[in-house]
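**Student:** The structure that follows is given in the form of C-alpha cells.
The values are calculated or read from the model by the stated rules, or taken from the named source; none is laboratory data. Note that the coordinates shown come from a computational prediction; the quantities given were computed from them, not determined experimentally. Every residue, glycine as well, gets a Cβ built from its backbone with ideal geometry; the counts of neighbours run over all protein chains shown.
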Amino acid sequence: MAQFQEVSKQSSLHPKPAGLVLQYGTAGFRTNAKQLDHIMFRMGLLATLRSKKTKATIGVMVTASHNPEEDNGVKLIDPMGEMVTPDWEGYATQLANADQEDLLTALKDIIEKEAINMSQEADVFVGKDTRSSSASLSQAVLDGVSALDGHSKDYGLVTTPQLHYMVCCQNTQGKYGEATVEGYYRKFCQAFIQLTKNTSNRTDDQKHLCLDGANGIGALKVREMESHLKKELQISLFNDGSKGKLNHQCGADFVKVQQKPPTGIEINPGERCCSFDGDADRVVYYYTDSEGTFHLLDGDKMATLISTFLKELLTQAGLDLKIAVVQTAYANGSSTHYLENTMKVIVRCTKTGVKHLHHVAQEFDVGVYFEANGHGTVLFSKAAEEKIQQLAEDPNINDERKRAALLLKNTINVINQTVGDAISDMLLIEAILAIKGMTVQQWETIYSDLPNRQLKVKVSDRRVIDTTDAERRAVSPAGLQEAIDNLVKKYRQARSFVRPSGTEDVVRVYAEADTQESADALAHEVSLAVYHLAGGVGDEPKL
Ligand code: G16
C-alpha cells in the first residue's frame, strides 16, 4: 500500500532512539523535548487512524503544560473535545515504543484490531504552545498526518483548551461555536458580558484583576482577547513572556505547590490575582493581605464557589437537577467536608487526571469537576441544557425564575465544557464574584483550608509505587502504606498519600494536618518513607 511506503520513508526522518521507552501518562507523553521527535510523528499517524475510525476531526496539542521549558509533550483530543479513550492511550504507548523496524507492524496491528477503513478521509487539528521546541515537534505531527494521507489544519500557537474547543466546534458542525480563535473569544466574552451586564455599578477596582501568564501561551491569548471584554474586566498582565522563562518561578503550578506569589508580579495588599499554567488549562487565584500573608484560592475553592452559585440558581429557577462535585485525593479535606455537610452536594473522588474527573462528572445533570491544582470545568447534560434553555424562553414564569434561568443559560455559554480552561474559568469566577458582589476575601472565608504540603521525591523507578482507592492508598512497595498510616496517626486531622506523577519523573507526596508545622513535618516524614522503601535516589529529602 502506497500509504505504508510513505510511512516507512517519512519515519526514517523521525527515527526512534534505540532503547527509549515512554508511557502515555496523566496527560499524554511528556519528557525532555530532545526525545520526542519520533513520538510526535507517530502521534500524527495515530491521530489520523483515530480520525478514520471515528469519522471525525481529532486534535493533537504539542505542549508540556506546567513542565519546565526544556520539556515538551503531546495531548490527543477526541471528537467532542475530551481526552482520548484509555484503549487508544494503550495504542499510543505501543506505537511510541515500537522499534523503528517494527513500526509498520505496530501500525497494522491497530488498523486490524480497530477494523479501520484506510480509504476513509481523516482530519487532524494541530496546535502548539510557546516552547522553543514546539515548532519542529508540531511539524513532526503534521508529517505523520500527511504520511497517512490525512488532512491537517495547523492552528499554530493556541492554548490547549482552545484546541479542544476547535475540535468540538468542528465535529458539532459549529453548534458549539465557530472553530476559530476569534470565534472562541466571541463566544466566551459575549457570555461574560451578558452575565455581568446587570452589575454595572462595579467600580474599576472591582473590575480589575492581576494575571500571571506563566510566560506562556495564555498570556499571548489574553492579550488577543482583551478588546472583546469591553473593559468589563480590566487585566494587568504580568509574566507575559517578554522577558521571563516559561513556568520558571511563576504560573499556577508554582503558586499552588509553593504556596506563594509568583516572581515578576507587582501586587497591592488585597488585590485579586490569578495565575495560569504553561498551556492555560489551569488557573489558581490568590491575594496577599495587609500583613503580607499569602492567601491561595485553588481548584477546591473554585469548585465550591461555582457549585454554590449554580445550586442557588437552580433553586431560584425551580429546576430539579442533580448536581455533583468531582475531586481527587488532593482536594483539601475542609473542602470535601464543606461540600458534603454544609452545601449537601454529592461529592465523588477519582484518580488524578482530568480524563478521570470528566467521565464521572458526565454522570450528573450538572457535574462540577476540579483538581486542587486548578484544572477543571463544569459539564451540563444535554437534558439539563434543554431544560434551562426552555425555561429562559418561557414567557409565563416570574421574574426571579426568569433571572435565574437567564443567568444559568449565560453561565453555560461562558464555560468551556470540553476541558478545564484557565481563560474560561477565569471569566466564570470573575462573573460569579461580580454577580454576587463578593470580594476575593469573602470568597476565601466560605471555608478554611486545612494546612497542607506537597513534596516530590526522586526514585529510580517510580512505577514501583502502585495505588488503589482513587490513589489514596499505596499497595506497593510492601510496607509503604503501613508506614504512612503510622505517621498520619501522630498528627491531628491528618491525611497523607503518595503517587507516581504521570507528567514528571517523581513521586508526589501530599500531607495535610491541623497546623502548617504538622503538615510540613508529616509530608517530610512520608517523603523519607518513600525514599527508603521505594528506591530513593540522590540526597535524602530534607525538611
Ligand atoms: C496534567 C493533567 C492534570 C494533572 C497534572 C499533574 O496537567 O492534565 O489532570 O493534575 O498533569 O499530573 P501528575 O501529578 O500525574 O504529574 P497539565 O496542566 O500539566 O497538563
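**Student:** State whether one or more residues within the stretch 18-41 are away from the ligand (no atom under 16 Å from the Cβ), assigned to a helix (DSSP H, G or I), touching a Leu at 6+ places or on another chain (Cβ under 7 Å) and closer than 24 Å to Asp421 by Cα.
**Tutor:** Scanning the stretch 18-41 turns up at least one residue that is away from the ligand (no atom under 16 Å from the Cβ), assigned to a helix (DSSP H, G or I), touching a Leu at 6+ places or on another chain (Cβ under 7 Å) and closer than 24 Å to Asp421 by Cα.
**Student:** Pick from Lys243, Lys197: which is modelled with pLDDT under 95, farther than 16 Å from Ala434 by Cβ, assigned by TED's automatic domain parsing to the domain that holds Pro269 and not hydrophobic (A, V, I, L, M, F, W, C)?
**Tutor:** Lys243
**Student:** Return a yes/no flag: does the stretch 196-211 have any residue that is crowded, with 22+ Cβ neighbours inside 10 Å, assigned to a helix (DSSP H, G or I) and in contact with a strand residue (DSSP E or B) (Cβ under 9 Å, 6 or more places away or on another chain).
**Tutor:** no
**Student:** Evaluate the following for Thr315: is it more than 16 Å from the chain's Cα centre (by Cα) and over 30 Å from Arg131 (Cα atoms)?
**Tutor:** It is true that Thr315 is more than 16 Å from the chain's Cα centre (by Cα) and over 30 Å from Arg131 (Cα atoms).
**Student:** Moving on. Does at least one position in the stretch 148-157 carry a residue that is within 16 Å of the ligand (Cβ to nearest atom), within 24 Å of Ser424 (Cα to Cα) and not basic (Lys, Arg)?
**Tutor:** The answer is no; no qualifying residue exists.
**Student:** For the stretch 271-285, enumerate the residues that are over 10 Å from the mean Cα position of the chain (by Cα) and assigned to a loop (DSSP other than H, G, I, E, B). First the steps, then the outcome.
**Tutor:** Of the stretch 271-285, the ones over 10 Å from the mean Cα position of the chain (by Cα) are 271-276, 278, 284-285.
Answer for the stretch 271-285, where residues must be over 10 Å from the mean Cα position of the chain (by Cα) and assigned to a loop (DSSP other than H, G, I, E, B): Glu271, Arg272, Gly278.
**Student:** Now a separate question. Go through the residues of the stretch 368-375 one by one and say whether even a single one is touching a Leu at 6+ places or on another chain (Cβ under 6 Å) and not assigned by TED's automatic domain parsing to the domain that holds Val507.
**Tutor:** Yes, some residue in the stretch 368-375 is touching a Leu at 6+ places or on another chain (Cβ under 6 Å) and not assigned by TED's automatic domain parsing to the domain that holds Val507.
**Student:** Among the residues of the stretch 47-59, which ones are in contact with a helix residue (DSSP H, G or I) (Cβ under 8 Å, 6 or more places away or on another chain), touching a residue at least 40 places away in the same chain (Cβ under 8 Å) and not in a strand (DSSP E or B)? Talk me through it step by step, then tell me what you get.
**Tutor:** Residues of the stretch 47-59 in contact with a helix residue (DSSP H, G or I) (Cβ under 8 Å, 6 or more places away or on another chain): 47-50, 56-59.
Now drop any that are not touching a residue at least 40 places away in the same chain (Cβ under 8 Å), which leaves 47-49, 56-59.
Of everything in the stretch 47-59, those that are in contact with a helix residue (DSSP H, G or I) (Cβ under 8 Å, 6 or more places away or on another chain), touching a residue at least 40 places away in the same chain (Cβ under 8 Å) and not in a strand (DSSP E or B) turn out to be Ala47, Thr48, Leu49, Ala56.
**Student:** Within the stretch 483-537, work out how many residues are basic (Lys, Arg) and either more than 16 Å from the ligand (Cβ to nearest atom) or out of contact with any Ser or Thr (no Cβ under 7 Å at 6 or more places or on another chain) (or both).
**Tutor:** The number of residues fulfilling the criteria is 4.
**Student:** Go through Ala96, Ala122 for me and flag whichever is under 16 Å from Met40 (Cβ atoms) and out of contact with any Pro (no Cβ under 8 Å at 6 or more places or on another chain).
**Tutor:** Just a single option satisfies the conditions, and that option is Ala96.
**Student:** Looking at Thr336, Thr288, Thr263, Thr315, can you tell me which residue is modelled with pLDDT of 95 or more, closer than 24 Å to Val509 by Cα, of a type in the set (S, T, N, Q) and surrounded by fewer than 19 Cβ atoms within 10 Å (Cβ to Cβ)?
**Tutor:** It is Thr336.
**Student:** Taking Val414, is it crowded, with 16+ Cβ neighbours inside 10 Å and either within 16 Å of the ligand (Cβ to nearest atom) or on the phi > 0 side of the Ramachandran plot (or both)?
**Tutor:** Criteria not met by Val414.
**Student:** Then there is this: Closer than 25 Å to Cys273 by Cβ and more than 16 Å from the ligand (Cβ to nearest atom): which single residue out of Val419, Val475, Val440 fits that description?
**Tutor:** Among Val419, Val475, Val440, only Val440 is closer than 25 Å to Cys273 by Cβ and more than 16 Å from the ligand (Cβ to nearest atom).
**Student:** Looking at the structure I just gave you, is Gly44 without any contact (Cβ under 8 Å) to a residue 12 or more places away in the chain, assigned by TED's automatic domain parsing to the domain that holds Ile110 and away from the ligand (no atom under 16 Å from the Cβ)?
**Tutor:** no
**Student:** Filter the stretch 59-108 for residues that are within 16 Å of the ligand (Cβ to nearest atom) and of a type in the set (Asp, Glu) and give the result.
**Tutor:** Glu69, Glu70, Asp71, Asp78, Glu82, Glu89
**Student:** While we're on this one: Would you point out which residue out of Thr467, Thr503 is at pLDDT below 95 and of a type in the set (Ser, Thr, Tyr)?
**Tutor:** Within the list Thr467, Thr503, the selection yields Thr503.
For (1) under 24 Å from the mean Cα position of the chain (by Cα); (2) more than 24 Å from Leu339 (Cβ to Cβ); (3) not aromatic (Phe, Trp, Tyr), each residue gets a yes or a no:
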residue	(1), (2), (3)
Lys387	no, no, yes
Asp394	no, yes, yes
Ile397	no, yes, yes
Asn413	yes, yes, yes
Met426	yes, no, yes
Gly437	no, no, yes
